[in-house]
Amino acid sequence: MDFEIPQDIRDKLAELDDFIEREIRPLERQDDNVRFFDQRREWARTDFDNDGKPRSEWEALLREMKRRADAAGHLRFGLPKELGGQNGSNLAMAVIREHLAAKGLGLHNDLQNESSIVGNFPTVIMMHRFGTPEQKERFMEGMMTGAVRMGFGLTEPDHGSDATWLETSGVRDGDDWVINGAKRFNSGLHAATHDLIFARTSGDQGKADGVTCFIVPTDSPGFEVPFMWWTFNMPTDHAEVSLTDVRVPNDAILGEEGRGLALAQTFVHENRIRQAASGVGAAQFCINESVKYARDRVVFGKPLWLNQAIQFPLAELQTECEMVRNLVYKTAWELDQQHHMEVTDKVSMCNYRANRLVCNSADRAIQTHGGIGYTRHMPFEHIYRHHRRYRITEGSEEIQIRRVAGIMFGKRAKR
């Protein structure tokens, strides 16, 4: 068995590091852009008088970062070559996402809205795999450049992880469909041009079959955003959405009618393994910063690190970090070899353990740094607030554990 990171991935890391220093760090430092990353970050990013949405200046900076990354050939790395990408493997993406997150807060890889010089494009992957030629022609390039922005509407007010119990319905009316229902925490709606709405179109509640994904323009009559949910990590792009007699044509269906949850599974598997890798990277950053501080900090006349109360928790976190990292790499490699549902239990293991790891590491970093660790002048509260949501979103850790157990006990088929 060879555990060495392949040379081409190591070369890519070096290329990314050079690009960050040449293009991204200077952009981060100019025009007081550092305000989006220092102790002012939450306030600089958030328009609190506009329902907590991201400020236009913040999003403009992110667009410029992405434009530069795309021009340099990095942004679409993980996409197929026919989409301008480099066929970046799941293993490569995992190593890269961990590497970038381990650098800490910065324009190169922002945590709050998952914006990175190496883009994560789960909705593009969905469109590429399931879209019709006409849909790909209409939406694909815009989805990568930002001209087309698609929200993701799966969760509902009364249904979160239980996605087979959707109350949002789609009823055929001639050549059209009429959608009624509501969505909650509908991501990306602050600036979305379209929303991916999952609705039950047939079958019984609790059954996977019968849920259909519709591409719904956000300016459709009957599509309303009553308010944005203010979250633990601001600004917010998570909307409450109501759909009242929203009419869309039959060609608005993405994928097969009644098979929408297959698309949702593609979305979450693409995201979960990358989130896990980012969690490992951010956890390693917190551990490294804690070790550095404990070496330099002198208390009661001796270095802080000499206290076992400091050593032992960090040593345990480092051990767990090493274990989860290797599981993430192995699972990402397996994703490259076979269908994602064949390793769905391993993806769940990676996701929930990495999410716990980074939250525990950020909390320990705060504790190790003492009073200064509790301030916004340190990045740990931001890291904690960002990663804490992943213990709930896109399948809570309880759902992830249940999936692992279901496969262990033969109650759930892998594919």
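From the Cα gyration tensor of region 233-359, with a ≥ b ≥ c the square roots of its eigenvalues, which class applies: rounded if a/c is under 1.5, or else prolate if a/b is larger than b/c, or else oblate? Can you show the working numbers first?
Values: a/c = 4.82, a/b = 2.09, b/c = 2.31.
Judged from the Cα gyration tensor, region 233-359 comes out oblate (a/c at least 1.5, b/c at or above a/b).
For the chain, the share of DSSP beta bridges that are antiparallel, to the nearest 5, is 85%.
Work out the FRET efficiency for Asp32 and Met408 from their Cβ-Cβ distance, taking R0 = 45 Å, and round it to the nearest 0.05.
Plugging the Cβ-Cβ distance into 1/(1 + (r/R0)^6) gives 0.30.
Entry for the chain at q = 0.06 Å⁻¹: log10 I(q)/I(0) = -0.25, Debye formula applied to identical alpha-carbon scatterers, no solvent contribution. Taking a ≥ b ≥ c as the square roots of the eigenvalues of the Cα gyration tensor of region 115-155, is the shape rounded (a/c under 1.5), prolate (a/b larger than b/c) or oblate? Here region 115-155 falls in the oblate category. Distance between the modelled labels on Glu342 and Glu316, one decimal in nanometres: 3.8 nm (7 Å Cα→Cβ projection). Which whole-number percent gives the relative contact order of region 311-415, counting Cα pairs below 8 Å spaced six or more residues apart? Result for region 311-415 is 30 percent.
What number do you get for region 283-348 when its Cα radius of gyration is normalised by 2.2 N^0.38 Å, N = residues? Spell out each step's value before the answer.
Details: Rg = 17.6 Å, N = 66, 2.2 N^0.38 = 10.8 Å.
Scaled against compact globular proteins, the figure is 1.63.
Taking DSSP loops as anything outside H, G, I, E and B, show the longest stretch in the chain free of GluC sites (Glu not before Pro) there with at most 13 other beta carbons within 10 Å.
Details: sites that count: Glu4, Glu256.
No qualifying site falls inside 5-255, the longest such stretch.
Based on every Cα atom in region 318-415, Rg and the maximum pairwise Cα distance Dmax equal 15.9, 49 Å.
When the Kirkwood hydrodynamic radius is evaluated over all pairs of different C-alpha atoms of region 66-146, what value in angstrom, to one decimal, is obtained? Working shown, then result.
Details: mean 1/r = 0.0758 Å⁻¹.
About 13.2 Å for region 66-146.
Only Cα sites of region 1-95 enter the Debye sum here, all with the same form factor; the resulting log10 I(q)/I(0) across q = 0.11, 0.17, 0.21, 0.22 1/Å is -0.46, -0.88, -1.06, -1.09, listed in q order. Spatial offset of region 77-120 relative to region 270-315 amounts to 24 Å, using the alpha carbon center of each.
When the solvent-accessible area of region 76-214 is split by element, carbon and sulfur atoms take up 47 percent of it, the probe being 1.4 Å. In the full protein context, the chain carries 46 Å² of accessible surface per residue, based on a 1.4 Å probe and ignoring ligands, DNA and RNA.
For the residue pairs Lys12/Lys81; Lys12/Lys346; Lys66/Lys330, alpha carbon separations beyond 18 Å are given by Lys12/Lys346; Lys66/Lys330. Distance between the 7 Å Cα→Cβ label points at Met1 and Arg25: 3.7 nm.
Comparing Cα centroids, region 393-412 and region 227-249 end up 28 angstrom apart.
Which percent, to the nearest 5, of DSSP beta bridges fully inside region 121-225 are antiparallel?
On the way: 14 of 19 bridges.
For region 121-225, the DSSP antiparallel bridge percentage is about 75.
Summary of the geometry: region 170-196 and region 10-59, compared by the centres of their Cα atoms, lie 32 Å apart.
Surface calculation, 1.4 Å probe, protein heavy atoms: Tyr352 sits at approximately 40 Å² accessible.
The values are calculated or read from the model by the stated rules, or taken from the named source; none is laboratory data. Everything quoted here is computed from the prediction, not taken from an experiment. Note that each Cβ is placed from the backbone with ideal geometry, even for glycine, and that neighbours are counted across all protein chains shown. We work out accessible area using only protein heavy atoms, side chains counted, and drop any ligands, DNA or RNA first. Shrake-Rupley method; radii C 1.70, N 1.55, O 1.52, S 1.80 Å.
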